[in-house]
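Presented below is the structure to which this report refers.
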Amino acid sequence: MFSRWLPGLNRGLATPTGRIAQLVGRSLSRSLQLSSRWSVPELSSFVARTNTCGELRSSHLGQEVTLCGWIQYRRQNIFLVLRDFQGLVQVLIPQDESAASVKKILCDAPMESVVQVSGTVVSRPPGQENPKMPTGDIEIKVKTAELLNPCKKLPFEIKDFMKKTEALRLQYRYLDLRSFQMQYNLRLRSQMVMKMREYLCNLHGFVDVETPTLFKRTPGGAKEFVIPSREPGKFYSLPQSPQQFKQLLMVGGLDRYFQVARCYRDEGSRPDRQPEFTQIDIEMSFVDQTGIRSLIEGLLQYSWPSDKGPVGVPFPSMTFAEALASYGTDKPDTRFGMKIVDISDVFRNTEVGFLQDALSKPQGTVKAIRIPEGAEVLPVFLKANRNWNSPVAKLVMEEQGLGLIRRMENQEEDVVLLTAGEHKRACSLLGKLRLECADLLEARGVLLRDPALFSFLWVVDFPLFLPKEEKPGELESAHHPFTAPHPSDIHLLHTEPEKVRSQHYDLVLNGSEVGGGSIRIHDAQLQRYILETLLKEDVKLLSHLLQALDYGAPPHGGIALGLDRLVCLVTGAPSIRDVIAFPKSFRGQDLMSDAPDFIPPEDLKPYHIQVSWPTDAETEKNSLNPPHHPES
């Protein structure tokens, strides 16, 4: 069959030289030979090359090859280094008169020009091998060359060691993508997603379902992007997540859903967040929290890059209350100690005014953390040798100070940080100081957080509700309003809802939240009560979901992994923008295309909207007071 349709294919792909058709035919033949074994990808199928620049080795000696790539480097018009997505190879520029035209092409072409070369794989002369290059034992003796596209003067060098600002990188993102690090990050991301698909769909029967991007406003949660429609006064919203859709898929009997989902929040960017982001979104019917956690542990173990070391399962777990008490946060970095210690009993009989005042109030407490060798970077706090040079420390009676030192197990150069106040506030403050001190110590060369260590942790038993920041007398969902209450606490919903725990679980990696999920409410009456009575939300916005829950909704639960944040941590990138092909800037802008952009008034007329331009005073006020973006 191959012999029947190949001539027609060759005719369809013919070029003035006929070379591409010949190469395509050869690569197709190789692809068919390899079709029964997919372990090694065919990287030169369907294209004008026989090999990639990075794959050639001594085993290819004597072979005639055709390579395509960018000129990375040229030396003395004798050697040229060619680069493609897989690596580098040295090309030997011919010096004899008969090849003058080839030499001119390769010597005149500017750096980063795209060329195609054909020649023979030969050994480098003895002593000229480059052990730092995977292709360092060979070079290409060129016979023919073609300049496919010359390159103009670049705004920056592609070389990875060149320093360039992030704004410049984003403005010329298509050039930044050529760097080794961006190539590595995006290819590792692709490999991880592919392995996740295999694990979920091929091994565990999940169904990949695409859900709509144009949706409607959702009660509560983060700010949503609003999209005008041609119906007067009616707008779409971009979904923060496919939450409602995946629950409806469970009502529809899909049983196991998965999606690489695009999600949107109308909030500015930060190192670990931007307005549009990607989730590995998962939902299952007839599952409990243990099942979801086991699934995710297996998923990450299966998709984890081989060069990052194995992932040990099961992951340890910690309650929200324990995480707050010991680390001051619901996403603790457990790679190092410096835990928070309750020392209220040490100061129970203190005469220090602010400590007395704190301990006399409900939830009042005194907390401390010990900073090992902290005297090197924090010279103004309570030191173990009792040479206390903090104003607060001088107020502490000697016997209480000794008790504190014993409790904290201080050594000579350690530092103790102490705070007093309401339990949650005191823990949160020390949790932030713990991380700041870790940064200061590591800046001085003290290794606390091993970058090669990946410390996963489940945080469970979150509160179902939190008091609203702007209206403390009202409640809001700690996770989202579809989270099921803990079975042991359902009786408190009608009397003390603020004490109800939820069936919400977060996955934390090295102090960053990389996933969050919950068992959902599948009872329409309970869901309506929480939305209408406790959260004071307009249930009309969710009438479709409430109706669906009344039509035989199965028990279900799920989770979403933040793909951008996960890959960022795996690669060690400083920002999620380094693992996204075309990210937004810190202010949520696309610096390459200059989006968002203005739309002429006539183009807005079909949407029945017009722009209300801010006054100069409002513009100045907004520039001085940028919007606050809360933690997710």
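The values are calculated or read from the model by the stated rules, or taken from the named source; none is laboratory data. Computed from a predicted model, the values in this text were never measured in an experiment. Here the Cβ is made from the backbone with ideal geometry for all residues, glycine too, and neighbour counts use every protein chain on show. Calculation scope for accessible area: heavy atoms of the full protein, side chains included, ligands and nucleic acids excluded. Shrake-Rupley method; radii C 1.70, N 1.55, O 1.52, S 1.80 Å.
In this structure, does Glu351 turn out to be over 18 Å from Leu404 (Cβ atoms) and either out of contact with any Lys or Arg (no Cβ under 8 Å at 6 or more places or on another chain) or not polar (S, T, N, Q) (or both)? No, not satisfied. Cβ-Cβ distances below 8 Å connect no pair with a first residue in the range 432-445 that is free of Cβ contacts under 8 Å to residues at least 60 places away in the same chain, a second residue that is part of a helix (DSSP H, G or I) and among the small types (Gly, Ala, Ser), and a separation of six or more residues or different chains.
Annotation note: of Asp590, Asp594, the sole residue that is closer than 19 Å to Tyr174 by Cβ, open to solvent by 80 Å² or more (accessible area, probe 1.4 Å) and either acidic (Asp, Glu) or modelled with pLDDT under 95 (or both) is Asp594. From the list Arg49, Arg74, the lone residue that is open to solvent by 50 Å² or more (accessible area, probe 1.4 Å), at pLDDT 95 or above, under 29 Å from Lys152 (Cβ atoms) and not aliphatic (A, V, I, L, M) is Arg74.
Residue pairs whose Cβ atoms lie under 7 Å apart, separated by 6 or more positions or on different chains, with the first residue in the range 527-538 and at negative phi and polar (S, T, N, Q) and the second part of a helix (DSSP H, G or I) and buried (at least 20 other Cβ atoms within 10 Å of the Cβ), are Gln527/Leu549. State yes or no: is Gly516 under 23 Å from the mean Cα position of the chain (by Cα), small (Gly, Ala, Ser) and at pLDDT 95 or above? For Gly516, the condition - under 23 Å from the mean Cα position of the chain (by Cα), small (Gly, Ala, Ser) and at pLDDT 95 or above - is met.
Which count do you get for residues in the range 395-424 that are part of a helix (DSSP H, G or I) and either touching a residue at least 40 places away in the same chain (Cβ under 8 Å) or exposed (fewer than 15 other Cβ atoms within 10 Å of the Cβ) (or both)? Selection size over the range 395-424: 12. Among the residues in the range 545-568, are any surrounded by 23 or more Cβ atoms within 10 Å (Cβ to Cβ), touching a Cys at 6+ places or on another chain (Cβ under 6 Å), touching a residue at least 12 places away in the same chain (Cβ under 8 Å) and farther than 23 Å from Val460 by Cα? Checked against the condition, which is being surrounded by 23 or more Cβ atoms within 10 Å (Cβ to Cβ), touching a Cys at 6+ places or on another chain (Cβ under 6 Å), touching a residue at least 12 places away in the same chain (Cβ under 8 Å) and farther than 23 Å from Val460 by Cα, the range 545-568 yields no hits at all. For the range 455-503, which residues satisfy the criterion of being closer than 16 Å to Leu324 by Cα, under 25 Å from the mean Cα position of the chain (by Cα) and outside any loop (DSSP other than H, G, I, E, B)? Leu457, Trp458, Val459, Val460, listed by residue number. Residues of the range 90-102 include none that is within 25 Å of Tyr174 (Cα to Cα) and either modelled with pLDDT under 95 or of a type in the set (Ser, Thr, Tyr) (or both). Looking only at residues in the range 174-187 that are of a type outside the set (Lys, Arg) and open to solvent by 80 Å² or more (accessible area, probe 1.4 Å), which one is nearest to Pro305 (Cα to Cα)? Result: Gln181. Scoring Ser428 on the criteria (1) open to solvent by 70 Å² or more (accessible area, probe 1.4 Å); (2) farther than 30 Å from Ser306 by Cα; (3) in a helix (DSSP H, G or I) leaves a single failure, condition (1).
If you go through the range 176-191 and pick out every residue that is in a helix (DSSP H, G or I) and closer than 16 Å to Arg83 by Cα, you end up with 6. Under the condition of being more than 26 Å from the chain's Cα centre (by Cα) and not hydrophobic (A, V, I, L, M, F, W, C), which residue from the range 220-236 is most open to solvent (accessible area, probe 1.4 Å)? Among residues in the range 220-236 that are more than 26 Å from the chain's Cα centre (by Cα) and not hydrophobic (A, V, I, L, M, F, W, C), the one most open to solvent (accessible area, probe 1.4 Å) is Arg230. No other residue among Gln116, Gln86, Gln171, Gln90 is touching a residue at least 40 places away in the same chain (Cβ under 8 Å), open to solvent by 60 Å² or more (accessible area, probe 1.4 Å) and touching a Ser or Thr at 6+ places or on another chain (Cβ under 8 Å) apart from Gln86.
Just wondering, is there one or more residues in the range 175-182 that are more than 24 Å from the chain's Cα centre (by Cα) and either over 27 Å from Ser512 (Cα atoms) or modelled with pLDDT under 95 (or both)? Looking through the range 175-182, none of the residues is more than 24 Å from the chain's Cα centre (by Cα) and either over 27 Å from Ser512 (Cα atoms) or modelled with pLDDT under 95 (or both). Residues in the range 348-363 that are free of Cβ contacts under 8 Å to residues at least 60 places away in the same chain and open to solvent by less than 20 Å² (accessible area, probe 1.4 Å): Thr350, Val352. Residues that are under 22 Å from the mean Cα position of the chain (by Cα), touching a residue at least 60 places away in the same chain (Cβ under 8 Å) and part of a helix (DSSP H, G or I) occur in the range 200-208; there is at least one. Among the residues in the range 157-166, are any surrounded by 15 or more Cβ atoms within 10 Å (Cβ to Cβ), not in a helix (DSSP H, G or I) and not basic (Lys, Arg)? There is at least one residue in the range 157-166 that is surrounded by 15 or more Cβ atoms within 10 Å (Cβ to Cβ), not in a helix (DSSP H, G or I) and not basic (Lys, Arg).
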